[in-house]
1. Does the stretch 60-81 include one or more residues that are open to solvent by 40 Å² or more (accessible area, probe 1.4 Å) and aromatic (Phe, Trp, Tyr)?
2. Restrict the check to the stretch 103-113 and report whether at least one residue is open to solvent by 40 Å² or more (accessible area, probe 1.4 Å), assigned to a helix (DSSP H, G or I) and either among the polar types (S, T, N, Q) or touching a Gly at 6+ places or on another chain (Cβ under 8 Å) (or both).
3. Which one is most open to solvent (accessible area, probe 1.4 Å) among residues in the stretch 162-171 that are farther than 20 Å from GLU86 by Cα and in contact (Cβ under 8 Å) with a residue 24 or more places away in the chain?
4. Pull out all pairs, ordered by first then second residue, where Cβ-Cβ is under 8 Å, the residues are six or more apart or on different chains, the first lies in the stretch 65-92 and is in a helix (DSSP H, G or I), and the second is among the acidic types (Asp, Glu) and at pLDDT 95 or above.
5. Could you tell me how many of the residues in the stretch 132-161 are free of Cβ contacts under 8 Å to residues at least 40 places away in the same chain, open to solvent by 70 Å² or more (accessible area, probe 1.4 Å) and farther than 23 Å from ALA179 by Cβ?
6. Could you go through the stretch 117-131 and let me know if any residue there is more than 17 Å from the chain's Cα centre (by Cα), in contact (Cβ under 8 Å) with a residue 24 or more places away in the chain and not in a loop (DSSP other than H, G, I, E, B).
7. Restricting to the stretch 24-52, name every residue that is open to solvent by less than 40 Å² (accessible area, probe 1.4 Å), in a helix (DSSP H, G or I) and touching a residue at least 24 places away in the same chain (Cβ under 8 Å).
Amino acid sequence: MPVPKGSTIDPARTRAAILQAATALLYERGLDGIGVAELCTRLGVSKETLYRHFGTKDGLVEAVLEARSDRVIAWVEAAVAAAGDEPAAQLAAVFDALQHWYEEPAFRGCALVNAAAQHHVPQVRAITARHLGRHLTLLTGIADRAGAAEPGLLGRQLLMLVEGATVVAAHRDTRGPGAEARAAALTLLAAARERPGPDTS
């Protein structure tokens, strides 16, 4: 991304532009599917610029994954908030949003899970674990608001449906996994809400 003659360099803006461009490229090609030289060429920056802002390619990868996690969680939280106060509607909104994502032409699965599978390094695996933990917190919150007897357990089950649907959509069929996981999730939620009343015997 060459700087026009006469303009000044804004380090924060340059870093953000590299992150934005690298996010799409690394998602399409995979973390190990492109070397530093080609990466810099495609991004339109020198190696010196890349290293100045991120230290190494691994530093760029970690920044891309952290930023992507922030965007994904914010997107899912927005879908939940737009669904209103009813937990079942909030849960349905999660899977409706996922199905919409699955149908996008650029869909390649969960970037964070892909990264952990492709790049067996502790830093990437830790970022992915935190990302899944953020999903778990959101889903457990829905389970708790629904009155589930064991919201932590239900949250984990819902997370399995989210990740399972995403894997199926990425590797088999994009047309149905979101809707099918949505139906299973709502069935689990309804069953979990049937908590027994207090024992008055």
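The values are calculated or read from the model by the stated rules, or taken from the named source; none is laboratory data. On a predicted model such as this, the values are computed, not experimentally measured, just so you know. Virtual Cβ from ideal backbone geometry, glycine too; neighbours counted across all protein chains shown. Just the protein is used for accessible areas: all its heavy atoms, side chains included, with ligands, DNA and RNA removed. Shrake-Rupley method; radii C 1.70, N 1.55, O 1.52, S 1.80 Å.
1. Yes, the stretch 60-81 contains a residue that is open to solvent by 40 Å² or more (accessible area, probe 1.4 Å) and aromatic (Phe, Trp, Tyr).
2. no
3. HIS171
4. Going by the 8 Å Cβ cut-off, the qualifying pairs are ALA79/ASP96.
5. Total satisfying the criteria: 2.
6. no
7. Residues satisfying the conditions are LEU26, TYR27, LEU43, THR49, LEU50.
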